[in-house]
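What follows is a single structure, written as structure tokens, with notes after it.
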């Protein structure tokens, strides 16, 4: 990569309706490198000089939205040079015209088919502007390099994630008390109390849209309607996480709404708990998650056969009742960045979340904890919230 300048953009605001944007969510890579929460800012790292280009607001917009000063940005980021748009782009343009390469984060497709969503256009906009000012630049994608940095958490990150986990665990612990649980009549009441508990605990809110799914709704893995009535005899699955200082928790608990689970509900729950315990036992430094996922799938197949849901342990059969991965990295994103070919190392943080979903029986069970990889294996960061059906 030589002396190619590194240029990375913040996210931009996205329209919600009319003249109103959605609440701003910073690009995780930009925040990781700067700690700055402003939209449309640009970070330039070039030889011995780093600087930020910031589109400072003026006039009425500054009155409505507020304004951050260069001094504040410098204190937050540790970056000495803070430029407005005109001066900043003039400085960058002079450099781009002399450079053959520029390192940045490759823009995603405008529409991401896998997830059925549009991407934030900020990275594409940055690339267009650089090419307008710098000619036929060759772009070097540094996404894998930043991913490798972010996969191993620093001590300050571990503390932030632990804080998010503790807030989440304390809130769920309050909600699943039998006397409290009995007061809820609809899923959205649980969702509201989760948010209240997160905010009271010091979190900024939910790290992701919460899943509060009762009865057959829990068989839809990413159910987010959260509006159905709660019925005695059903199970309730809560897949939630607080956000603290931009870092996410991700915990799932499945409980019986009336404290009297059926024999079938308990058998399925115990099978999921057994798979999670097995996953805990094989996680350690050096493990490749792709190989680990294969082991979990095979073990889950044995449990599904014992439950009478499948006759043979074949991938297609297992995936009918267990269609997702057991683990993902956790950090600034709830599904944090990773490279699939990198073995687990100390201070990586991942989730462990097996589940069994049986739509024909109206049952869905998932149990999820957050763990940190340590020298001897793992530390369960969410151990303060025991997983139990009642």
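The values are calculated or read from the model by the stated rules, or taken from the named source; none is laboratory data. Here the structure is a predicted model, which means the values were calculated and not measured. So basically every Cβ, Gly included, is an ideal-geometry build from the backbone, and we count neighbours across all protein chains shown.
Which is farther than 14 Å from residue 352 by Cβ, surrounded by 14 or more Cβ atoms within 10 Å (Cβ to Cβ) and either touching a residue at least 60 places away in the same chain (Cβ under 8 Å) or touching a strand residue (DSSP E or B) at 6+ places or on another chain (Cβ under 7 Å) (or both), of 279, 243? Every option except 243 fails the conditions. Scanning the stretch 63-73 turns up at least one residue that is buried (at least 16 other Cβ atoms within 10 Å of the Cβ) and under 27 Å from residue 140 (Cβ atoms). Scoring residue 324 on the criteria (1) touching a helix residue (DSSP H, G or I) at 6+ places or on another chain (Cβ under 7 Å); (2) not in a strand (DSSP E or B) leaves a single failure, condition (1). Annotation: residue 370 fulfils all but one of (1) in a loop (DSSP other than H, G, I, E, B); (2) touching a strand residue (DSSP E or B) at 6+ places or on another chain (Cβ under 6 Å); (3) closer than 26 Å to residue 244 by Cβ; the unmet one is (1).
So that you can scan it fast, the table gives a plain yes or no per residue for (1) within 21 Å of residue 329 (Cβ to Cβ); (2) touching a helix residue (DSSP H, G or I) at 6+ places or on another chain (Cβ under 6 Å):
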residue: 218; (1), (2): no, no
residue: 227; (1), (2): no, yes
residue: 254; (1), (2): no, no
residue: 258; (1), (2): no, no
residue: 264; (1), (2): no, no
residue: 268; (1), (2): no, no
residue: 272; (1), (2): no, no
residue: 291; (1), (2): yes, no
residue: 301; (1), (2): no, yes
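Against the definition (within 25 Å of residue 29 (Cα to Cα), touching a strand residue (DSSP E or B) at 6+ places or on another chain (Cβ under 7 Å) and not assigned by TED's automatic domain parsing to the domain that holds residue 94), how does residue 172 come out, yes or no? No: the conditions fail for residue 172. Note on the stretch 327-366: residues that are within 23 Å of residue 388 (Cβ to Cβ) and in a loop (DSSP other than H, G, I, E, B) total 5.
Based on this model, can you work out whether residue 139 counts as closer than 30 Å to residue 338 by Cα, surrounded by 15 or more Cβ atoms within 10 Å (Cβ to Cβ) and touching a strand residue (DSSP E or B) at 6+ places or on another chain (Cβ under 8 Å)? Taking the combined requirement at face value, the residue satisfies it.
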